[in-house]
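The block underneath contains the structure these notes are about, expressed in structure tokens.
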Amino acid sequence: MKDVIGILDSGVGGISVLRKAVQLLPNENFIYYGDNQNAPYGPKPLEEIRRLSAQAVDHLLSQEVKALVIACNTITSAYASILRDRVKLPVIGMEPAVKPASLARGDGKVLALATRATLSLDKFSRLMENYGEGVIPVEGAGLVQLVEAGKADTPEALEALRALLLPYMSIKIDAIVLGCTHYPFLRRQIERLFPQARIFDGREGTVCQLQRRLEETGLLTRQGAPGTVSFQTSGDAETLARMRALFDADV
Ligand code: DGL
């Protein structure tokens, strides 16, 4: 086992989680792996998502990581419990921040944005059973592709968001859940369309959970040299450059 944490996503989205992880755990080393060649996972059938997830996990396990962070709501929903039966090392997943958003709701609604797979799987159904009052699930169709193509800050992305969210612009929206790790890169655009809404994502909870699990298992690195971050992808060299740029973006 090496002193390195593996973080994975279907593409670049998990970099939004990696940023938080590096801020909170500055002495840890991270390998980030994005299966960009196969993104998006969200619209794919469950069995295919599981197959691709297993492949992406194997890529990180072969590098003897000490813990795995699934920085993807879709992979967590489809594959985390299978993975936890498969491996002994700490596995930290994500869930859409429906609970804090619904607790912050006043007399308006909450929009829960996520991928098709995330919205259709058990984890989300359980969240809706417990905290779903006033929560409207919305599939973020096409959004992952925009972020993957490096278009998050473009007028094209703003127009796509406007078209997707138009039905909700005439009602009072108190909070919006970014239930996919790609969406924090679209946060500023979403805020332009819903300036009154509070925005929630699950990144901080995941990173705090990572810290707790590393502490419990005696694997936490608290001091020493600043940690390193390396990026890996099933995509091309251009994708790697985009990953580094997104890591430096302020989200
Ligand atoms: N970042 C992934 C998530 O959090 C995106 C999934 C996809 O590839 O569609 O769900």
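The values are calculated or read from the model by the stated rules, or taken from the named source; none is laboratory data. Owing to the predicted nature of the structure, the values given are computational and were not obtained by experimental measurement. We place every Cβ from the backbone using ideal geometry, glycine too, and count neighbours over all the protein chains shown. In case anyone asks, the SASA skips ligands and DNA or RNA and just uses the protein heavy atoms, side chains included. Shrake-Rupley method; radii C 1.70, N 1.55, O 1.52, S 1.80 Å.
Structure notes:
- Number of positions in region 115-127 that are farther than 12 Å from E95 by Cβ, assigned to a helix (DSSP H, G or I) and in contact with a strand residue (DSSP E or B) (Cβ under 8 Å, 6 or more places away or on another chain): 2
- Checking V177 against (1) within 15 Å of the ligand (Cβ to nearest atom); (2) closer than 23 Å to L25 by Cβ; (3) in a strand (DSSP E or B), the condition it does not meet: (2)
- Meets criteria (more than 15 Å from G13 (Cβ to Cβ) and modelled with pLDDT of 95 or more) for L111: yes
- Test: residue in region 168-187 that is without any contact (Cβ under 8 Å) to a residue 40 or more places away in the chain and closer than 21 Å to G14 by Cβ: no
- Exclusive hit being open to solvent by 10 Å² or more (accessible area, probe 1.4 Å) and either within 12 Å of the ligand (Cβ to nearest atom) or within 15 Å of the chain's Cα centre (by Cα) (or both), set N38, N29: N38
- Here L158 fulfils each of the conditions (1) open to solvent by less than 40 Å² (accessible area, probe 1.4 Å); (2) of a type outside the set (S, T, N, Q); (3) under 20 Å from E95 (Cβ atoms); (4) assigned to a helix (DSSP H, G or I) apart from (3).
- Contact annotation: residue pairs with Cβ atoms under 6 Å, 6 or more positions apart or on different chains, pairing a residue in region 61-90 that is free of Cβ contacts under 8 Å to residues at least 60 places away in the same chain and away from the ligand (no atom under 16 Å from the Cβ) with a partner that is of a type in the set (V, I, T) and not in a loop (DSSP other than H, G, I, E, B), are R84/V91.
- Some residue of region 179-201 being open to solvent by less than 50 Å² (accessible area, probe 1.4 Å), farther than 22 Å from Y41 by Cα and in contact with a Lys or Arg (Cβ under 8 Å, 6 or more places away or on another chain): yes
- The single condition among (1) within 15 Å of the ligand (Cβ to nearest atom); (2) open to solvent by 40 Å² or more (accessible area, probe 1.4 Å); (3) out of contact with any Asp or Glu (no Cβ under 9 Å at 6 or more places or on another chain); (4) in contact (Cβ under 8 Å) with a residue 12 or more places away in the chain that G14 does not meet is (2).
- Scan of region 42-60 for residues that are surrounded by fewer than 17 Cβ atoms within 10 Å (Cβ to Cβ) and either among the basic types (K, R) or free of Cβ contacts under 8 Å to residues at least 60 places away in the same chain (or both), ordered by number: P45, E47, E48, R51, A54, Q55, D58
- Filtered by the rule that a residue be open to solvent by 40 Å² or more (accessible area, probe 1.4 Å), within 27 Å of A114 (Cβ to Cβ) and not polar (S, T, N, Q), region 202-239 gives E204, G205, C208, R212, R213, V229.
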